Amino acid sequence: MKSQDAWRPSACLHHLKRRAEILANIRQFFSERQVLEVETPLMCQFTVTDPHVTGIPALYQSMGSSITRTLFLQTSPEYAMKRLLAAGIGSIYQISKAFRQGEVGRLHNPEFTMLEWYRLDFDHHALMDEMDALLQQILKTPPAERVSYGDLFRHYLGINPHTADEAVLIASAAEKNIPVSGTLPNRDAWLDLLWTHYIEPLVGQIRPLFLYDFPVSQAALAKIRNESQPVASRFEVYFKGIELANGFHELQDGKEQAKRFVLDLALRKELGISERLIDDRLLAALEHGLPACAGVALGIDRLMMLALECDQIADVISFAFDKA
Amino acid sequence: MAVYTTNEIRGGMKVMIDNDPCVILDNEFVKPGKGQAFNRIKYRNLKSGRVVERTWKSGDSIPGADVVDVEAQYLYNDGSHWHFMTNETFEQYVMDDKDLADAKQWLKEQSECVLTLFNGTPLAVTAPNFVILKIVETDPGVRGDTSGGGGKPAKLETGAVVRVPLFVQEGEIIKVDTRIGEYVSRVKE
């Protein structure tokens, strides 16, 4: 890139105009369904405990004071939106910026736009129905395909991802010719490797794929159903090699959520990454009572990439990270 | 040498992988929203020339390799070894005939080239993208042929054989693209 062009936008203006139309279309979609648009803070006291998501710190100083507080730019509006839900606001959506440390690439920008919404009395399947309607409206996609995480791994790799031990996953990666340098930290990382390197490129090419019922070790903030094979009521959306969304039938049990956060902290310690404080305001809201609901977050920039048939996220962002 | 984390690795960087010097061709960041981050790195082993793809856990480190490219002149070969001299320092380097690979078919004495040095020892030599060489042997052309068509093989003064249009004759001087081994044009003497 010539340096005299460094001031220019990353995306062409045509894409930015289409982007505005699509955002208006999304707001229309939720307005028709009486889902309320909300705004929550970008700068927060707490950040997530999830070992795979790192918040970007922001330093705050009171006027005239030398004491600096470390706040975090939000990695998603989930916790604040759940506090609104617990306060009784009803079904809500938000289109906001989210920030993640170190995530730059063809599909990643450290600052990105997220659409997150929550529907009262929906489970993850009902929310998938609504997600499908949104994708059909915005991307003109055919109806999505739904496959459970377990079925997909059994079909493509002949393994049960809920029960297979780490050695089986390592052998499967070797058998599918996925060369890895060194070792990966745990079973879930090997599942992530098999998914991203082997299965994902083979699925969701013609119609979106809704992948649901995740291993309980990846439940995050989803309910766990104790069926013959316990699974997490979580889903993800994939289309044309792009991970587009992640949703949960939301866990309402504050004590169970607190336990999972403590597990996150233990895993952080094991991985040698920085400690975090647990967001006790979220836990207090769950204790007060989160209404039964399902929620999902969708990457707006990636949605734009698919709508505008772009190859990299910078093509749909006014000023991508290197030009921000 | 410096050590890089996978997120600092860029195309063109020279690193040590499995004790061999390698050049990075591509580094793709792969990360599920709520899962393990990976770097899928494509590289060429500078010793074997093989292109390989391998995945690292994001944040792992890879040591840099002391590999530099220097401009040099090919001096002569003594039958088993090729001798070069760098343009800037006039230092002389010797390479074994078998290590020269593709480049040797394009080099004639006094040709400019690029020497890749690993820990101060020549690892590879790269011919210029374009070379001007004389045709020493080719079948007589067919009258009336313009460019296009099938062409014919022509042997050059360095021993390389390229396909040339039928109208190009023995003794003529031509420009060749060494990256693809193809005739570009005739050159007036």
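The values are calculated or read from the model by the stated rules, or taken from the named source; none is laboratory data. Treat the numbers as computed from the prediction; the structure is a model and nothing was measured. With ideal geometry, Cβ positions are generated from the backbone for all residues, glycine too; neighbour counts draw on all protein chains shown.
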Condition test on A:Asp264, is it surrounded by 14 or more Cβ atoms within 10 Å (Cβ to Cβ), over 25 Å from B:Arg40 (Cα atoms), in contact (Cβ under 8 Å) with a residue 12 or more places away in the chain and within 14 Å of chain B (Cβ to nearest Cβ)? yes
Would a scan of the stretch A:79-91 turn up a residue that is surrounded by 19 or more Cβ atoms within 10 Å (Cβ to Cβ), touching an Asp or Glu at 6+ places or on another chain (Cβ under 7 Å), touching a residue at least 60 places away in the same chain (Cβ under 8 Å) and away from every other protein chain (no Cβ under 14 Å)? yes
I need every pair where a residue in the stretch A:149-162 that is part of a loop (DSSP other than H, G, I, E, B) has its Cβ under 7 Å from the Cβ of a residue that is surrounded by fewer than 20 Cβ atoms within 10 Å (Cβ to Cβ), sequence separation at least 6 or different chains. A:Ile159/A:Val168; A:Asn160/A:Gly150; A:Asn160/A:Arg154; A:Pro161/A:Gly150; A:His162/A:Gly150; A:His162/A:Gln229
So, in the stretch B:81-103, how many residues would count as being free of Cβ contacts under 8 Å to residues at least 24 places away in the same chain, of a type outside the set (Asp, Glu) and part of a helix (DSSP H, G or I)? 1
For the stretch A:306-323, which residues satisfy the criterion of being of a type outside the set (Phe, Trp, Tyr), in a helix (DSSP H, G or I) and farther than 20 Å from A:Trp117 by Cβ? A:Leu308, A:Ile313, A:Ala314, A:Asp315, A:Val316, A:Asp322, A:Lys323
Filtered residues of the stretch B:39-80 (kept if more than 14 Å from chain A (Cβ to nearest Cβ), in contact with a Cys (Cβ under 7 Å, 6 or more places away or on another chain) and assigned to a strand (DSSP E or B)): B:Arg44, B:Ala72, B:Tyr74
Being facing another protein chain (nearest Cβ under 8 Å), assigned to a helix (DSSP H, G or I) and in contact (Cβ under 8 Å) with a residue 12 or more places away in the chain is the filter here; which residues of the stretch A:177-190 pass it? A:Asp188
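Name the residues in the stretch A:178-211 that are among the charged types (D, E, K, R) and under 24 Å from B:Thr5 (Cα atoms), would you? It would help to see each step written out before you state the result.
Filtering the stretch A:178-211 down to residues among the charged types (D, E, K, R) leaves A:187-188, A:192, A:200, A:207.
A:Arg187, A:Asp188, A:Asp192 - these are the residues of the stretch A:178-211 that are among the charged types (D, E, K, R) and under 24 Å from B:Thr5 (Cα atoms).
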(1) part of a strand (DSSP E or B); (2) within 14 Å of chain B (Cβ to nearest Cβ): which one isn't true of A:Ala58, the others all being true? (2)
Do we have any residue at all in the stretch B:150-158 that's loosely packed, with under 13 Cβ neighbours inside 10 Å, at pLDDT 90 or above and not in a loop (DSSP other than H, G, I, E, B)? yes
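Looking at the stretch B:1-40, which of its residues are hydrophobic (A, V, I, L, M, F, W, C) and closer than 22 Å to A:Asp188 by Cβ?
Hits for the stretch B:1-40 are B:Phe29, B:Val30, B:Ala37, B:Phe38.
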What single numbered condition from (1) within 30 Å of B:Asp18 (Cβ to Cβ); (2) touching a strand residue (DSSP E or B) at 6+ places or on another chain (Cβ under 8 Å); (3) hydrophobic (A, V, I, L, M, F, W, C) fails to hold for A:Trp117? (1)
Which one of the conditions (1) more than 9 Å from chain A (Cβ to nearest Cβ); (2) surrounded by fewer than 20 Cβ atoms within 10 Å (Cβ to Cβ); (3) modelled with pLDDT of 95 or more; (4) more than 17 Å from the chain's Cα centre (by Cα) does B:Ile17 fail to meet, given that it meets all the rest? (1)
Could you list, in sequence order, all residues of the stretch A:171-181 that are surrounded by fewer than 18 Cβ atoms within 10 Å (Cβ to Cβ) and out of contact with any strand residue (DSSP E or B) (no Cβ under 7 Å at 6 or more places or on another chain)? A:Ala171, A:Ala174, A:Glu175, A:Lys176, A:Asn177
Could you count how many residues in the stretch A:258-299 are part of a helix (DSSP H, G or I) and not acidic (Asp, Glu)? 20
Give me a count of the residues in the stretch B:156-175 that are within 17 Å of B:Lys188 (Cβ to Cβ) and of a type in the set (S, T, N, Q). 1
Looking at A:Ala87, is it over 16 Å from the mean Cα position of the chain (by Cα), modelled with pLDDT of 95 or more and over 29 Å from A:Ala24 (Cα atoms)? no
Just give me the residues in the stretch A:213-257 being crowded, with 19+ Cβ neighbours inside 10 Å and assigned to a loop (DSSP other than H, G, I, E, B), in sequence order. A:Pro215, A:Ala219, A:Ala220, A:Leu221, A:Lys223, A:Leu251
Just to be sure I understand, how many residues within the stretch A:70-104 are in a loop (DSSP other than H, G, I, E, B) and of a type in the set (Ser, Thr, Tyr)? 3
Answer with yes or no whether A:His108 is more than 22 Å from A:Ile22 (Cβ to Cβ) and modelled with pLDDT of 95 or more. no
May I ask you to list the residues in the stretch B:67-84 that are exposed (fewer than 15 other Cβ atoms within 10 Å of the Cβ) and in contact with a strand residue (DSSP E or B) (Cβ under 8 Å, 6 or more places away or on another chain)? B:Val68, B:Asp69, B:Glu71, B:Tyr76, B:Ser80, B:His81
For the stretch B:20-32, enumerate the residues that are within 9 Å of chain A (Cβ to nearest Cβ), surrounded by fewer than 19 Cβ atoms within 10 Å (Cβ to Cβ) and not acidic (Asp, Glu). B:Phe29
